[in-house]
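Some notes on the structure that comes next.
The values are calculated or read from the model by the stated rules, or taken from the named source; none is laboratory data. Remember, it's a predicted structure, so these values are computed and weren't measured experimentally. For neighbour counting, all protein chains shown are included, and Cβ atoms are generated from backbone atoms with ideal geometry for every residue, glycine included. Side chains included, ligands, DNA and RNA excluded: accessible areas come from the protein's heavy atoms. Shrake-Rupley method; radii C 1.70, N 1.55, O 1.52, S 1.80 Å.
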Amino acid sequence: QVQLVESGGGLVQAGGSLRLSCAASGRTFSLGAIGWFRQAAGKEREFVGAIRWRTSSTYYADSVKGRFTISRDKSTIYLQMNTLKPEDTAVYYCADSTNLYAKTTNDFSSWGQGTQVTVSS
């Protein structure tokens, strides 16, 4: 099993930037991808993007493409968020999958506890 811990959330003004971290531990050799999701109040959890563990190739939801970037340094995955908008306000989660094309919540197994991102207008 893989354990994931997110950090880096906070309050930022619209147009600003924030970087989230996801520290992975445990059976990381079994990983296919680490994904980022977000869940705004009263809404379903939404796929943001993911990075394939072995190649560090990435893929993103259209809503964040060009503004968000996922990267990896050893066992930590980063989500760099630029040009933030109030609609980016949500709790952000990272999760692991053995699927190299994982995009739905069902594709992912272990989840972090989440970190709150609030973007003020």
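Just so you know, in the range 33-50 the residues that are closer than 19 Å to residue 115 by Cα and aliphatic (A, V, I, L, M) include one that is surrounded by the fewest Cβ atoms within 10 Å (Cβ to Cβ), and it is 41.
For residues that are surrounded by fewer than 15 Cβ atoms within 10 Å (Cβ to Cβ) and either touching a strand residue (DSSP E or B) at 6+ places or on another chain (Cβ under 6 Å) or within 18 Å of residue 96 (Cβ to Cβ) (or both), tally how many sit in the range 51-64. Looking only at that region, the number is 4. Every test in (1) touching a strand residue (DSSP E or B) at 6+ places or on another chain (Cβ under 8 Å); (2) open to solvent by 40 Å² or more (accessible area, probe 1.4 Å); (3) touching a residue at least 40 places away in the same chain (Cβ under 8 Å) is passed by residue 83 save one, and that test is (1).
The set of residues from the range 65-79 being in contact with a Leu (Cβ under 9 Å, 6 or more places away or on another chain) and surrounded by 14 or more Cβ atoms within 10 Å (Cβ to Cβ) comprises 67, 68, 69, 70, 77, 78, 79.
Residues in the range 97-109 that are farther than 18 Å from residue 44 by Cα, open to solvent by 10 Å² or more (accessible area, probe 1.4 Å) and touching a strand residue (DSSP E or B) at 6+ places or on another chain (Cβ under 6 Å): 100 alone.
Look at the range 60-113 and say how many of its residues are basic (Lys, Arg), touching a Gly at 6+ places or on another chain (Cβ under 9 Å) and more than 12 Å from residue 50 (Cα to Cα).
1
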